[in-house]
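Just below is one structure, and these are the notes that go with it.
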Amino acid sequence: MAEHRLAEQLGWAYSLVDSSQVSTFLISILLIVYGSFRSLNMDFENQDKEKDNSSSSGSFNGNSTNNSIQTIDSTQALFLPIGASVSLLVMFFFFDSVQVVFTICTAVLATIAFAFLLLPMCQYLTRPCSPQNKISFGCCGRFTAAELLSFSLSVMLVLIWVLTGHWLLMDALAMGLCVAMIAFVRLPSLKVSCLLLSGLLIYDVFWVFFSAYIFNSNVMVKVATQPADNPLDVLSRKLHLGPNVGRDVPRLSLPGKLVFPSSTGSHFSMLGIGDIVMPGLLLCFVLRYDNYKKQANGDSCGASGPANISGRMQKVSYFHCTLIGYFVGLLTATVASRIHRAAQPALLYLVPFTLLPLLTMAYLKGDLRRMWSEPFHSKSSSSRFLEV
């Protein structure tokens, strides 16, 4: 009996370090780190453009920003979980009616996002071959050779995904969506971060734990795992192209999640991209604040902290603290799913393990009031950021 119990415990412990779980941990953390640094570099590039514009025009507008970057305010943070709930209900009740449109829209967004993910690699490859001059395409705009190459590769990957429906291609598109959303969306303060993550925690818990009591089904799990009809199959049936044209393509699992198979192939580990993007926005915010504080203090961390805080703690960055909290929260969510043998709302564990250490460290360092309302000065610092 004791040997059997020991074998069960060893098997349970081994399941936590299964290849699918390890892949989920590593990829989610890499996406957050990479997306955060891409966001930081975009700030640097925008500042360089503002400098060029101000030097050429002779005036400087400190409020000018990149139109492609979206900053979430308090009102949007409060209503985003409500909008997400409405979208979830639409997908739950009317999925058969909107699945083709939703699949096409998702494929278009994934194409653009994956092109953004590939852009640095394409810039590196095309730099020795051609100058970074933009090529005009009329009303479509002007693009560099690297941008055209990344977009072409992204379109090719999406087409192969539509034809094959392979999970690895779906993961690649989901990774592009994660990085693009982390890089292009900004949280302006800790107050907005707390409002957004707290609301999404309630949203996640309700739709995973309590939706079955109202709708007789776990709405979140059903929407996340329900495959959609392949647009090629639908087009073939609409145009009556015959039974052998476009009918053998598989149904598509949409890139709203990351899935990784276990080493035995018996099961998949799944993590929604919202569980990566939303904490990732917080990590992006604290990375920008770490960079701002380092510049403001002249590279001397802790100059403005209370005297009773040790120098070692002052050297710990908010980014590293929050990233460790994300890892611990993800590990806790994995353990909880194994114990309960059911899907868990990951944000129930990720939000406390990221926000609480961050709030505690900000209070001890004396930065909480500044981070809560106006963490950044209106005039951005001009020093260079780290390159990715």
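Quick look at the numbers
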quantity	calculated
Residue match in the stretch 353-366 (condition: surrounded by fewer than 17 Cβ atoms within 10 Å (Cβ to Cβ) and at pLDDT below 90)	yes
Members of the stretch 314-333 found to be in contact (Cβ under 8 Å) with a residue 24 or more places away in the chain, within 15 Å of Pro279 (Cβ to Cβ) and not hydrophobic (A, V, I, L, M, F, W, C), listed by number	Tyr318, Thr322, Gly325, Tyr326, Gly329
In the stretch 142-163, residue surrounded by the fewest Cβ atoms within 10 Å (Cβ to Cβ) [restricted to those that are hydroxyl-bearing (Ser, Thr, Tyr) and at pLDDT 90 or above]	Ser152
Residue in the stretch 164-175 that is out of contact with any helix residue (DSSP H, G or I) (no Cβ under 8 Å at 6 or more places or on another chain), of a type in the set (Ser, Thr, Tyr), surrounded by 13 or more Cβ atoms within 10 Å (Cβ to Cβ) and in a helix (DSSP H, G or I) present	yes
Count of residues meeting criterion [surrounded by 14 or more Cβ atoms within 10 Å (Cβ to Cβ) and without any contact (Cβ under 8 Å) to a residue 24 or more places away in the chain] in the stretch 86-128	4
Answer residue from the stretch 142-160, given it is among the β-branched types (Val, Ile, Thr) and out of contact with any Phe, Trp or Tyr (no Cβ under 8 Å at 6 or more places or on another chain) and is farthest from Tyr124 (Cα to Cα) among those	Ile160
First in the stretch 170-186 and of a type in the set (Val, Ile, Thr), second anywhere and outside any helix (DSSP H, G or I), Cβ under 9 Å, 6 or more apart	Val185/Ile69; Val185/Gln70; Val185/Thr71; Val185/Ile72
Condition broken by Leu283, with the remaining ones in (1) farther than 20 Å from Asp204 by Cα; (2) modelled with pLDDT of 85 or more satisfied	(1)
Residues satisfying the stated conditions in the stretch 1-32, i.e. in contact with a strand residue (DSSP E or B) (Cβ under 9 Å, 6 or more places away or on another chain), surrounded by fewer than 18 Cβ atoms within 10 Å (Cβ to Cβ) and either closer than 17 Å to Ile339 by Cβ or modelled with pLDDT under 80 (or both)	Ser19
Residues located in the stretch 356-376, provided they are part of a helix (DSSP H, G or I) and touching a Pro at 6+ places or on another chain (Cβ under 9 Å)	Leu364, Lys365
Some residue of the stretch 129-139 being crowded, with 18+ Cβ neighbours inside 10 Å and in a helix (DSSP H, G or I)	no
Per-region count, the stretch 61-80, residues among the β-branched types (Val, Ile, Thr) and either in a strand (DSSP E or B) or at pLDDT 90 or above (or both)	3
Failed item in (1) β-branched (Val, Ile, Thr); (2) under 26 Å from Gly83 (Cβ atoms); (3) at pLDDT 90 or above, with Thr225 passing the rest	(3)
Residues that are of a type in the set (A, V, I, L, M, F, W, C), modelled with pLDDT of 85 or more and not in a helix (DSSP H, G or I), drawn from the stretch 261-280	Met270, Leu271, Ile273
Unique match (being at pLDDT 90 or above, within 19 Å of the chain's Cα centre (by Cα) and exposed (fewer than 12 other Cβ atoms within 10 Å of the Cβ)) among Gly83, Gly35	Gly83
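So that you can scan it fast, the table gives a plain yes or no per residue for (1) of a type in the set (S, T, N, Q); (2) on the phi > 0 side of the Ramachandran plot; (3) modelled with pLDDT of 60 or more; (4) crowded, with 16+ Cβ neighbours inside 10 Å:
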| site | (1), (2), (3), (4) |
| --- | --- |
| Ser300 | yes, no, no, no |
| Asn308 | yes, no, no, no |
| Lys315 | no, no, yes, no |
| Lys379 | no, no, no, no |
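The values are calculated or read from the model by the stated rules, or taken from the named source; none is laboratory data. Computed from a predicted structure; not experimentally measured. Methodologically, a virtual Cβ is constructed for each residue, glycine included, from the backbone with ideal geometry; neighbour enumeration extends over all protein chains shown.
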